[in-house]
Amino acid sequence: MIANLVKEVESSFKKQFKTEPLMVFSPGRINLIGEHTDYNEGFVFPAAINKGIALAIQKSDASTSQVFALNKEELHEFDMETLKPLNDGGWRNYILGVIAELQMLGKKPANFNSVFAGNIPGGAGMSSSAALENSFVYGLNELFELNLTKETMILVSQKAEHNFVGVKCGIMDQYASMFGITDSALLLDCRTVTATPYTIDFKDYELMLINTNVKHDLSESAYNDRRAVCEHVSKLLNVAALRDASKEDLEGLKSQISATDYQKALYVIQENERVQRFAEAIEQNDVEALGNLLYQSHEGLSKQYQVSCAELDFLVDRAKESPNVAGARMMGGGFGGCTINLVLKSEFKSFKKEVSKQFKDEFGTECSVYKVKLSQGTHIIK
Ligand code: GAF
């Protein structure tokens, strides 16, 4: 529960720093559909969730700043003047990156003390990274009156990830985490960075996340590789991004690119169209169409874009076999993490039991099943 998490973080801060902190909550996200389309300036359909990062932060008179990661019980003390990415810095680089990017904008927060903790399972593809970045940029903006808009804050978070973590991510995660709306998903145009909220009610169905609890090593390098392929193909097509390309355009390029790059670019073009069709199906309350689009998205991610893995494919195949599931796909960057499933409400428990057993029998490890609530974006608690 968020309230308990906030309480723990606040009391740990008070114990260590003997003063009242500013409390910030920043959520993780799910994504209904539109995977790897954000850095192609296309469409995505994410929502903030009721899991995230709680941050306690307050100004300090000391000559250094301190961040305590409560989950890991690790403290990092640093000098604001000499910020650079740390080798194997883990969580530290997200925060140092945010401060460095603020400094690049000419915004110089002074020293501070902070404690944070989260309840997003690590590596689950639910954007604990964006939640962490956003919690700090939001907290520092408030504390030091930096007068940044939310639009600027998410760019700071994204750049921190590019320059300090080394993942050339798109804007989806930071956007959803910052701008989330209760009970809604956001149809986000990643070119204009503007979103249309959709109230989500799948009637007899609900969302189930199934975490494979695996994160294969490849994920970061493969992510940047995929982005590079998309940029290479866009350049050859003479368009700003794959969002501007059609299947016919790509056809004309077939002799100049490899068959695998062709499939990857084709996936992006098709996924972008699926997001639009998904929005229409929501408007028409057409669960069957929604489910089919999820399965098609997974097929594309697995076979064409090649960012799935055995565990994710297995879960989607089991969903396909079940009469109680309308659709499913892997969610997030890939190579592990969760699948998102549209499951009949009345059969949620039975499918959970069935798929958990099947997963254990196949891989000898446990998967985890979650229900999430679509929630408010990054905000001050007090
Ligand atoms: C990760 C990235 F951070 C996002 O920007 C997005 O590209 C996603 O993978 C894939 O859709 O979460």
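The values are calculated or read from the model by the stated rules, or taken from the named source; none is laboratory data. In this text the structure is predicted, and so the values were computed from the model without any measurement. Note that each Cβ is placed from the backbone with ideal geometry, even for glycine, and that neighbours are counted across all protein chains shown.
For the range 121-158, how many residues meet the condition of being away from the ligand (no atom under 11 Å from the Cβ), of a type in the set (Asp, Glu) and within 25 Å of GLY34 (Cβ to Cβ)?
Residues flagged as away from the ligand (no atom under 11 Å from the Cβ), of a type in the set (Asp, Glu) and within 25 Å of GLY34 (Cβ to Cβ) within the range 121-158 amount to 1.
Applying the selection to the range 15-30, what residues are part of a strand (DSSP E or B) and of a type in the set (Ser, Thr, Tyr)?
Hit for the range 15-30 is SER26, nothing else.
So how many residues does the range 283-326 have that are among the small types (Gly, Ala, Ser), in contact with a Leu (Cβ under 7 Å, 6 or more places away or on another chain) and either free of Cβ contacts under 8 Å to residues at least 12 places away in the same chain or over 22 Å from GLN263 (Cβ atoms) (or both)?
2
Can you pull out the helices (runs of 4 or more DSSP H) entirely within the range 93-187 that have at least 2 residues that are more than 28 Å from ARG227 (Cβ to Cβ)?
128-143
Can you find a residue that is in contact with a Ser or Thr (Cβ under 7 Å, 6 or more places away or on another chain) and of a type in the set (D, E, K, R) anywhere in the range 69-76?
no
Looking only at the range 31-67, which residues are within 14 Å of the ligand (Cβ to nearest atom) and either over 30 Å from SER302 (Cα atoms) or in a strand (DSSP E or B) (or both)?
ASN31, PHE43, VAL44, PRO46, ALA47, ALA48, ILE49
Condition first: aliphatic (A, V, I, L, M), closer than 29 Å to LYS349 by Cβ and surrounded by 18 or more Cβ atoms within 10 Å (Cβ to Cβ). Now tell me which residues in the range 182-230 satisfy that.
Within the range 182-230, ALA185, LEU207, MET208, LEU209, ILE210 qualify.
Quick grid of which residues meet (1) at pLDDT below 95; (2) crowded, with 20+ Cβ neighbours inside 10 Å; (3) touching a Gly at 6+ places or on another chain (Cβ under 9 Å):
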position: GLU8; (1), (2), (3): no, no, no
position: SER12; (1), (2), (3): no, no, no
position: LYS18; (1), (2), (3): no, no, no
position: ILE33; (1), (2), (3): no, yes, no
position: HIS36; (1), (2), (3): no, yes, yes
position: VAL44; (1), (2), (3): no, yes, yes
position: LYS51; (1), (2), (3): no, yes, yes
position: GLN58; (1), (2), (3): no, no, no
position: VAL67; (1), (2), (3): no, yes, no
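Within the range 102-126, how many residues turn out to be surrounded by fewer than 15 Cβ atoms within 10 Å (Cβ to Cβ) and of a type outside the set (A, V, I, L, M, F, W, C)?
Number satisfying all stated conditions: 4.
Of the residues that make up the range 253-264, is at least one surrounded by fewer than 17 Cβ atoms within 10 Å (Cβ to Cβ) and touching a Leu at 6+ places or on another chain (Cβ under 8 Å)?
Checking the range 253-264: at least one residue is surrounded by fewer than 17 Cβ atoms within 10 Å (Cβ to Cβ) and touching a Leu at 6+ places or on another chain (Cβ under 8 Å).
Which of (1) of a type in the set (S, T, N, Q); (2) part of a strand (DSSP E or B); (3) in the same structural domain as GLY333 (by TED's automatic domain parsing) does THR196 not meet, given it meets every other one?
(3)
From the list MET178, MET153, which one is of a type outside the set (Asp, Glu), within 15 Å of the chain's Cα centre (by Cα) and buried (at least 22 other Cβ atoms within 10 Å of the Cβ)?
Going through MET178, MET153 in turn, just one is of a type outside the set (Asp, Glu), within 15 Å of the chain's Cα centre (by Cα) and buried (at least 22 other Cβ atoms within 10 Å of the Cβ): MET178.
For VAL165, work out the one condition from (1) away from the ligand (no atom under 11 Å from the Cβ); (2) buried (at least 16 other Cβ atoms within 10 Å of the Cβ); (3) more than 12 Å from the chain's Cα centre (by Cα); (4) over 30 Å from GLN284 (Cβ atoms) it doesn't fulfil.
So the condition that VAL165 fails would be (1).
Could we say that LYS84 is in the same structural domain as LEU148 (by TED's automatic domain parsing) and within 16 Å of the ligand (Cβ to nearest atom) here?
no
Among the residues in the range 122-132, are any at positive phi and polar (S, T, N, Q)?
Yes.
Could you say which residue among VAL275, VAL268 is touching a Leu at 6+ places or on another chain (Cβ under 6 Å) and touching a residue at least 60 places away in the same chain (Cβ under 8 Å)?
Step by step, each of VAL275, VAL268 is checked, and only VAL268 is touching a Leu at 6+ places or on another chain (Cβ under 6 Å) and touching a residue at least 60 places away in the same chain (Cβ under 8 Å).
Residues checked against (1) within 15 Å of the ligand (Cβ to nearest atom); (2) touching a Pro at 6+ places or on another chain (Cβ under 7 Å):
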{"site": "ALA160", "(1), (2)": "yes, no"}
{"site": "ASP173", "(1), (2)": "yes, no"}
{"site": "LEU186", "(1), (2)": "yes, yes"}
{"site": "ALA195", "(1), (2)": "yes, no"}
{"site": "ILE200", "(1), (2)": "no, no"}
{"site": "LYS215", "(1), (2)": "yes, no"}
{"site": "SER221", "(1), (2)": "yes, no"}
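Taking into account only those residues within the range 209-261 that are among the hydroxyl-bearing types (Ser, Thr, Tyr) and more than 30 Å from PHE359 (Cβ to Cβ), which is farthest from the chain's Cα centre (by Cα)?
The qualifying residue farthest from the chain's Cα centre (by Cα) is SER255.
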